Amino acid sequence: MNHIKTLLICAAMAATCVPVTGQYAPEPYGLTPSERQLEWYGREMIAFFHFGINTFEEYVNEGDGKAPAALFNPTALDCRQWMQTLKAAGIPCAILTAKHADGFCLWPSRYTDYCVKNAAWKGGKGNVVREFTDACAEYGIKAGIYLGPHDRHEHLSPLYTTERYKAHYARQLEELMGGYGKIWETWWDGAGADELTTPIYREWHRIVREKQPDCVIFGTKNSYPFADVRWMGNEAGQAGDPCWATTDSIAIRDEAQYYKGLNEGVAGGNAYIPAETDVSIRPSWFYHAEEDQRVKSVKELWDIYCNSVGHNSVLLLNLPPDRRGLIHPTDSLHVALLRKGIDQTFARNLLAGAKVKADNVRGPKFAARLLTDNDKTTYYAGKDGKTTADIVFTLPEQEEFDCLMLQEVIELGHRTTRWSVEYSDNRKEWTPIPEATDKQCVGHKWIVRFSPVKARYVRLRIQDGNACPALHTFGVYKHSLLFK
Ligand code: IPT
């Protein structure tokens with residue numbers, strides 16, 4: 001009797017004590033995102049508000065710093081209306097141009113007269129940055145600040161030197177980073193800013209980090225060493241294919257190489273700086289009534305979404321307020337419909353009810369069926385050292401789809417480096433989806449669109465990787481009719 005008891009205890013101990021490798025998460029591979037970068041990826045979309053003295057000039061987007069401050073006079077400014085637009089569009093974060101290249105400041109800076117203090121608006125008593133950050137707080141939107149490094153108004157002073165400007169900008173940065181609550185992103189535009197060297201940014205970076213430890217820094221060119229996120233290389237909403245989060249420190253030796261490094265990143269690059277995609281919903285960055293008929297269509301916005309968020313990037317979409325200080329109704333409508341279409345498209349993963357079989361599974365905690373469970377905390381992983389996997393989904397019945405989405409566990413680094421998707425009706429002959437053949441990176445989210453196909457079987461092929469696959473989600477979908 002005692003003997004049996006001992007045996008049972010031993011067996012129970014063995015079951016709990018013997019390590020089963022398949023229960024442990026894979027080790028991260030290579031460079032991985034910081035907490036700030038993870039938070040940033042989770043936003044997916046950010047709104048950009050280009051608003052300032054240019055808004056009140058005739059078709060100006062890069063003011064020369066000479067327009068009189070009095071010109072700034074929105075007739076019905078209401079930042080809460082901006083936030084309502086973002087809520088309807090499911091955009092959780094927004095960045096305001098507190099000072100663009102013209103130098104006009106949207107807050108009453110102690111260090112310049114070229115600001116709202118001398119605007120006609122509210123008799124010089126207004127503060128757009130305050131109204132913006134207050135509205136963000138009220139609506140639960142994360143506030144970001146663009147304080148343009150290049151300042152044409154300051155340049156007009158005969159006393160201007162780069163050294164003096166370095167101190168001037170630092171004081172303005174302190175005002176903004178210290179006086180308006182939590183700031184989630186700051187934007188160092190490279191345009192016109194070549195005189196501002198890396199040591200200058202080092203100083204400014206210290207201020208951001210001291211006052212706002214969680215603030216994501218958009219950096220480019222000379223501010224690149226301090227960047228959490230990089231410029232994506234164009235303003236057309238076209239992130240690269242691939243678009244690695246890793247890249248090499250940018251040495252601008254060769255223009256073509258520079259743009260490729262921004263747009264596509266560099267596999268195995270020495271820095272983890274994912275790409276942010278800045279693009280305007282209108283042809284210009286600032287509002288011009290002439291462009292009211294040229295607001296990007298819902299379909300164009302969907303293309304941009306797929307080519308940015310769906311290319312392992314985050315979309316920074318500009319919605320420029322008009323001369324009243326309001327988002328134009330066409331812009332609001334188009335982003336609200338974009339959200340509606342995205343939600344409709346991804347509401348139904350056609351693989352959700354499928355049977356799943358994989359030839360490389362780490363263990364029950366990392367089963368392939370977790371790819372379709374719509375749970376952010378679970379994921380599929382393969383065995384250590386095995387970098388390929390074939391995962392076959394058997395649908396209850398034939399379905400039509402024209403879109404797919406794959407997500408990697410980005411906390412574990414860029415793992416998969418080549419993958420394809422195929423379909424079949426008999427599980428013997430497989431037809432590749434040309435648009436989804438030999439894809440390279442996955443990252444936070446990869447979306448592929450193609451002509452509609454009908455199938456009962458879908459096969460995800462992980463053909464190569466740096467380490468065993470670790471994937472959150474895989475799905476096939478049918479586009480919302482809003483995107484036709
Ligand atoms: C371009 C800058 O060169 C780049 O560094 C980045 O700041 C980018 O703007 C932001 O869109 S200049 C632009 C006229 C392409």
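The values are calculated or read from the model by the stated rules, or taken from the named source; none is laboratory data. The structure displayed is predicted, hence computed values, not measured ones. Heads up, the Cβs are rebuilt from the backbone with ideal geometry, glycines too, and the neighbour counts pull from every protein chain shown. When the accessible area is computed, the model is the full protein with side chains, heavy atoms only, and any ligands, DNA or RNA have been set aside. Shrake-Rupley method; radii C 1.70, N 1.55, O 1.52, S 1.80 Å.
The table for this structure:
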{"read-out": "Sparsely packed trypsin sites (Lys or Arg not before Pro) within segment 110-144, loop by DSSP, other Cβ within 10 Å at most 13", "value": "Arg110, Lys125"}
{"read-out": "Sparse-neighbour loop sites [trypsin sites (Lys or Arg not before Pro); segment 42-99; at most 16 other C-beta within 10 Å; DSSP]", "value": "Lys66"}
{"read-out": "Longest exposed-site-free window of the chain, the sites being GluC sites (Glu not before Pro) in a DSSP loop that have at most 11 other C-beta atoms within 10 Å", "value": "59-428"}
{"read-out": "Whole-number percent relative contact order across the chain, with pairs defined as alpha carbons under 8 Å at least 6 apart", "value": "16 percent"}
{"read-out": "Stokes-Einstein D for segment 336-468, Kirkwood Rh over Cα pairs, 10 °C, 1.306 mPa s (µm²/s)", "value": "104 µm²/s"}
{"read-out": "At R0 = 25 Å, FRET efficiency that the Cβ-Cβ distance of Asp214 and Arg80 yields, to 0.05", "value": "0.50"}
{"read-out": "Rough spin-label spacing in nm, given labels placed 7 Å along Cα→Cβ, for Asp64 and Lys376", "value": "4.9 nm"}
{"read-out": "FRET efficiency, Ser424 to Asn234 (Cβ-Cβ, R0 35 Å, nearest 0.05)", "value": "0.40"}
{"read-out": "Solvent-free Debye scattering, log10 I(q)/I(0), computed from the Cα coordinates of segment 65-187 at q = 0.11, 0.14, 0.15 Å⁻¹", "value": "-0.38, -0.61, -0.69"}
{"read-out": "Viscosity 1.306 mPa s, 10 °C: Kirkwood-radius Stokes-Einstein D of segment 392-438 over Cα pairs, µm²/s", "value": "124 µm²/s"}
{"read-out": "By average C-beta atoms within 10 angstrom, highest first, the peptides 186-192, 265-271", "value": "186-192, 265-271"}
{"read-out": "Per residue, the convex hull volume that the Cα atoms of segment 215-284 enclose (Å³)", "value": "97 Å³"}
{"read-out": "Under 15 Å from Lys125, Cα to Cα: aspartates and glutamates that are on another chain or at least 8 residues apart", "value": "Asp113"}
{"read-out": "Within segment 424-453, backbone nitrogen closer than 18 Å to the virtual label 7 Å beyond the Cα of Glu411 toward Cβ", "value": "443-445"}
{"read-out": "Theoretical gain in end-to-end length, Arg202 to Asn270 [0.36 nm per residue, Cα-Cα removed]", "value": "22.5 nm"}
{"read-out": "Positive-end extreme of charge dipole, the chain - chosen from Val128, Leu196, Gln257 (charges on Cβ)", "value": "Val128"}
{"read-out": "Cα-based shape type of segment 203-251, given that a ≥ b ≥ c are square roots of the gyration tensor eigenvalues and the cut on a/c is 1.5", "value": "prolate"}
{"read-out": "Net lengthening on full extension, Glu57/Lys340 (0.36 nm per residue, minus Cα-Cα)", "value": "98.4 nm"}
{"read-out": "Column: log10 I(q)/I(0), Debye, Cα scatterers of the chain, q = 0.06, 0.09, 0.12, 0.14 Å⁻¹", "value": "-0.32, -0.66, -1.05, -1.31"}
{"read-out": "Cα-based shape type of segment 244-396, given that a ≥ b ≥ c are square roots of the gyration tensor eigenvalues and the cut on a/c is 1.5", "value": "oblate"}
{"read-out": "Spin-label proximity, Thr394 to segment 358-377 - amide N less than 17 Å from point 7 Å beyond Cα toward beta carbon", "value": "358-360, 368-370"}
{"read-out": "Accessible solvent surface per residue of the chain, calculated while the other protein chains remain in place, 1.4 angstrom probe, Å²", "value": "42 Å²"}
{"read-out": "Whole-Å semi-axes of the ellipsoid equivalent to segment 403-484 (Cα gyration tensor, √5λ, descending)", "value": "22, 17, 10"}
{"read-out": "Theoretical FRET efficiency, 1/(1+(r/R0)^6), r = Cβ-Cβ of Lys484 and Asp292, R0 35 Å, to 0.05", "value": "0.90"}
{"read-out": "Value of [θ]222 nm, deg cm²/dmol, for the chain, DSSP H segments ≥ 4, -39500 (n - 2.57) each, nearest 500", "value": "-8000 deg cm²/dmol"}
{"read-out": "Cα-based Lys pair tally, segment 349-484, threshold under 16 Å, eight or more apart or on separate chains", "value": "8"}
{"read-out": "Lysines with Cα under 20 Å of Lys211, excluding same-chain neighbours fewer than 8 positions away", "value": "Lys99, Lys142, Lys166, Lys182"}
{"read-out": "Assigned charges on the beta-carbon of Lys, Arg, Asp, Glu; the chain dipole about Cα centre (debye)", "value": "1420 debye"}
{"read-out": "Degrees separating the helix 198-211 axis from the principal Cα axis of the chain, which is the longest one", "value": "80 degrees"}
{"read-out": "Once the Cα gyration tensor of segment 18-64 is diagonalised, semi-axes √(5λ) in Å", "value": "50, 10, 7"}
